[in-house]
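**Q** Starting off with a structure, shown below.
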Amino acid sequence: MGTGINKVTLLGNLGQSPETKFSKDGTEYCLFSVATDESWRNANGQKFDSVCWHSVIAWKRLANICAKYLRKGSRVYLEGKIQNGKYESEGSIKYYSRILLTEVQHIK
């Protein structure tokens, strides 16, 4: 069996400015959310709108670029891959999905 593809492409707006953090070994990363939206009409012509929020993490150089140039409301084109994980908080296991950023373009 061949290898799979894990690739995500998003065009959306930041919900908050990137939050810069450092890992235990001192590696810079930043976290932010991106909203994508869509509209459609049903068979009766009624309009519907939907917003989907995506959690994004950027590491090292990309983290620095995001922190420097992106702000809440920025329109961005993103490429990355889906990353799933879990962690323990207050005795219970929490699961998450986020986008591991590989490319970013700020659209003005």
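FYI, it's all coordinate maths here, none of it is from the lab. Just so it is clear, the structure is predicted and the values come from calculations on it, not from any experiment. Cβ coordinates were reconstructed from backbone atoms using ideal geometry, including for glycine residues, and neighbour counts include every protein chain displayed.
**Q** Identify, from the list N44, N6, the residue that is polar (S, T, N, Q), loosely packed, with under 14 Cβ neighbours inside 10 Å and closer than 20 Å to T102 by Cα.
**A** Numbers: N44 fails: closer than 20 Å to T102 by Cα.
From the options N44, N6, the qualifying one is N6.
**Q** Moving on. Within region 85-108, restricting attention to residues that are among the aliphatic types (A, V, I, L, M) and farther than 16 Å from L70 by Cβ, which residue is nearest to the chain's Cα centre (by Cα)? Working first, answer last.
**A** Start the filter on region 85-108 by keeping residues that are among the aliphatic types (A, V, I, L, M), which leaves 93, 99-101, 104, 107.
Now drop any that are not farther than 16 Å from L70 by Cβ, which leaves 93, 100.
Values: I93: 22, L100: 7 Å.
Across region 85-108, the extreme among qualifying residues is L100.
**Q** Right, next: Test A67 against the criterion of being touching a residue at least 12 places away in the same chain (Cβ under 8 Å), in a strand (DSSP E or B), crowded, with 16+ Cβ neighbours inside 10 Å and not β-branched (V, I, T), and give yes or no.
**A** On the way: touching a residue at least 12 places away in the same chain (Cβ under 8 Å): yes; in a strand (DSSP E or B): no; crowded, with 16+ Cβ neighbours inside 10 Å: yes; not β-branched (V, I, T): yes.
It is false that A67 is touching a residue at least 12 places away in the same chain (Cβ under 8 Å), in a strand (DSSP E or B), crowded, with 16+ Cβ neighbours inside 10 Å and not β-branched (V, I, T).
**Q** Being among the polar types (S, T, N, Q) and in contact (Cβ under 8 Å) with a residue 12 or more places away in the chain is the filter; apply it to region 73-102 and report the residue that is nearest to C30 (Cα to Cα). Please lay out each step first, then the result.
**A** So in region 73-102, the residues among the polar types (S, T, N, Q) come out as 74, 83-84, 89, 92, 97, 102.
Still in the list and also in contact (Cβ under 8 Å) with a residue 12 or more places away in the chain: 74, 83-84, 97, 102.
Numbers: S74: 15, Q83: 15, N84: 17, S97: 15, T102: 13 Å.
Among them, the one singled out is T102.
**Q** Could you please find all residues in region 56-79 being of a type in the set (D, E, K, R) and in contact with a Lys or Arg (Cβ under 8 Å, 6 or more places away or on another chain)?
**A** From region 56-79, those of a type in the set (D, E, K, R) are 60-61, 68, 71-72, 75, 79; that's our starting set.
If the condition is that a residue be of a type in the set (D, E, K, R) and in contact with a Lys or Arg (Cβ under 8 Å, 6 or more places away or on another chain), then R75, E79 are the ones that fit.
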